[in-house]
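The next block holds one structure in the form of structure tokens; read it before the comments.
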Amino acid sequence: MTHSLYWFTNDLRLSDNALISLAAKQDTALSFIYCVDPQWFKSNHHDCQSMGQHRWQFLAQSLQQLNNTLKDYGQHLVIYHQAAHEVIEHYYHHHNVRTLYCSEQIGYDEQQTLLNVAKNHGDLVIKQANTFTLYDNQQLPFTINELPATFSQFRKLIEQTTPTINTLLDPPVYIARPLIAPMPWPTTLPNVNKERTLFAGGEQSATDHLADYFSSANPSTYKETRNALAGIENSTKFSPWLANGCISARQIVNALRNYEHIHGANDSTYWIYFELLWREYFQLYSLRYGNKLFSFAGITKRKPLTSFYPQRFKQWCTGTTPYPIVNACMKQLNKTGYMSNRGRQLVASCLVNELKLDWRFGAAYFEQQLIDYDVASNWGNWQYLAGVGADPRSGRHFNLVKQTQTYDANNQFINHWQGDEVHAIDSLDAADWPLSS
Ligand code: FAD
């Protein structure tokens, strides 16, 4: 008798999860797994880890919550500290697994893993569904290869054609029995901190946050407040849960429409949808351009005129550049795993324009630090700011003095994060920051 395996990736929820709904219909034994790849914690060729402590904390909390929810169905989540292709191989040979459920993947590397799994196991049926974006690809008024060159063109097309957003799916009523018994959390994984964090991972926390946000008046002033450098209420803060799939973009738009129905729509409520369209655009951009997302020249043919200065990069990472606003933002990121959108734009512009560094190192450091790290949104935004992506204006150079006057006129943010501890560039000994590459 054959069995089935559900491989969770960035779809860590049971509500509005088209793939869970599909898997719940089958009645052969089913195992739920999540694979924590040991590579995520190793230094990569940008001398960063893919998974830093804050990201890991949020992910681990999300996995624990998911396991608790699955228990209500007599099920459980088995966590492996092992590469996914090896785990799947094991299930294929030792548990006769012939059906694999896995969400449609947007990142190039994740797509490659899945292609290799399919190639190496000819009779393994791989069932997929979109769990990550607002619209399914076939609902869009263009094919992926015809993705509009700019966000504005994309937005206009979407707003002209208004594709229908699928109705939300309830969590399953019944899930088949597990194939294997629960296993303890691998002891080789990094510890999960018991401290209270700014955001708690997991589907329940996401649902609570969604309800809190839309029961406040904040959505009606979002457009005026969204650029603030600090303040939990100034933007939606949905990103960490969205990135891990603890909530779907559809659930957010659904709650937004309900809010508008009760309180009225205005520019601010529209702008929340507008920003979710940016997210949508970058997801499609990743599908369209594949591994060009990580290329120095991006989707263009010109490489930026930058070099690499290890010491400047270290100063940027630690928040000890000559620019107080950048330092404050980086210290906020290092301490909390979060940074506002305006902050991200400023520090990225500084890395590219003031420090003249290779933008990919900045993107890699964000990948390590951000609890809302999302491959498409992160690398797509970095390309955009570095002038090698979907920006018709070829890069953005922010005037840091002016930006400080606008967004931190009385230095409150800078003082809070001690951004004033500035250091000149190229004045420190670079020898303590060796780069393997
Ligand atoms: P809100 O302002 O409340 O926006 C609502 C939602 O819209 C967000 O949760 C997010 O899903 C989406 N969104 C908003 N702005 C953008 C944008 N510019 N691009 C894509 N989606 C957007 N966002 C990530 O989710 N993960 C990343 O790894 C990431 N890296 C970034 C790197 C750089 C250099 C820059 C400039 C931006 C990056 N962003 C990333 C986009 C944006 O900064 C965050 O989504 C936002 O700050 C998250 O806070 P929020 O949920 O309160 O956003």
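The values are calculated or read from the model by the stated rules, or taken from the named source; none is laboratory data. Nothing here was measured: the structure is a model prediction, and the numbers come from that model. Counting neighbours? That spans all protein chains shown, and the Cβs are built from the backbone with ideal geometry, glycine included.
Cβ-Cβ distances below 7 Å connect the following pairs, each with a first residue in the range 342-367 that is more than 17 Å from Thr320 (Cα to Cα) and of a type in the set (A, V, I, L, M), a second residue that is in a helix (DSSP H, G or I) and near the ligand (Cβ under 9 Å from one of its atoms), and a separation of six or more residues or different chains: Ala363/Asn378; Ala363/Trp379; Ala363/Trp382.
Rundown of residues vs (1) over 30 Å from Val401 (Cα atoms); (2) free of Cβ contacts under 8 Å to residues at least 12 places away in the same chain; (3) surrounded by fewer than 19 Cβ atoms within 10 Å (Cβ to Cβ), yes/no style:
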| residue | (1), (2), (3) |
| --- | --- |
| Arg226 | no, no, yes |
| Thr236 | no, no, no |
| Ser239 | no, no, no |
| Asn244 | yes, no, no |
| Leu256 | yes, no, no |
| Trp278 | no, no, yes |
| Leu284 | yes, no, no |
| Leu293 | yes, no, no |
| Cys317 | no, no, no |
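When Glu203 is tested against (1) at pLDDT 95 or above; (2) surrounded by fewer than 17 Cβ atoms within 10 Å (Cβ to Cβ), just one condition goes unmet, and that condition is (2). Applying the criterion of being within 15 Å of the ligand (Cβ to nearest atom) and modelled with pLDDT under 95 to the residues of the range 390-429, the residue that is farthest from Thr336 (Cα to Cα) is Arg393. Filtering Ile272, Ile232, Ile262 for residues that are at pLDDT 95 or above, of a type outside the set (Phe, Trp, Tyr), within 29 Å of Ser205 (Cβ to Cβ) and surrounded by fewer than 18 Cβ atoms within 10 Å (Cβ to Cβ) leaves a single hit, Ile262.
Out of the range 198-220, which residues are within 12 Å of the ligand (Cβ to nearest atom) and in a helix (DSSP H, G or I)? Residues satisfying the conditions are Ala206, His209, Leu210, Tyr213, Asn218, Pro219.
Taking helices (runs of 4 or more DSSP H) as the structural unit, those lying wholly within the range 227-301 and holding at least 3 residues that are more than 29 Å from Gln332 (Cβ to Cβ) and more than 13 Å from the ligand (Cβ to nearest atom) correspond to 249-263, 267-289.
Residues that are among the acidic types (Asp, Glu) and at pLDDT 95 or above within the range 23-63 comprise just one, Asp37. The lone criterion from (1) among the basic types (Lys, Arg); (2) modelled with pLDDT under 95; (3) within 25 Å of the chain's Cα centre (by Cα) left unmet by Arg360 is number (2).
Which ones in the range 338-354 are more than 11 Å from the ligand (Cβ to nearest atom) and over 17 Å from Tyr384 (Cβ atoms)? Residue satisfying the conditions is Glu354 alone.
Here the range 364-389 is the region considered, the condition is being among the hydrophobic types (A, V, I, L, M, F, W, C) and near the ligand (Cβ under 7 Å from one of its atoms), and the residue that is farthest from Pro304 (Cα to Cα) is Leu370. Considering (1) more than 30 Å from Leu59 (Cβ to Cβ); (2) acidic (Asp, Glu); (3) under 24 Å from the mean Cα position of the chain (by Cα), the lone condition that Asp408 does not fulfil carries the number (3). Across the range 282-306, the qualifying residues are those that are among the hydroxyl-bearing types (Ser, Thr, Tyr) and touching a Leu at 6+ places or on another chain (Cβ under 8 Å), and the one among them that is nearest to Gly362 (Cα to Cα) is Thr306.
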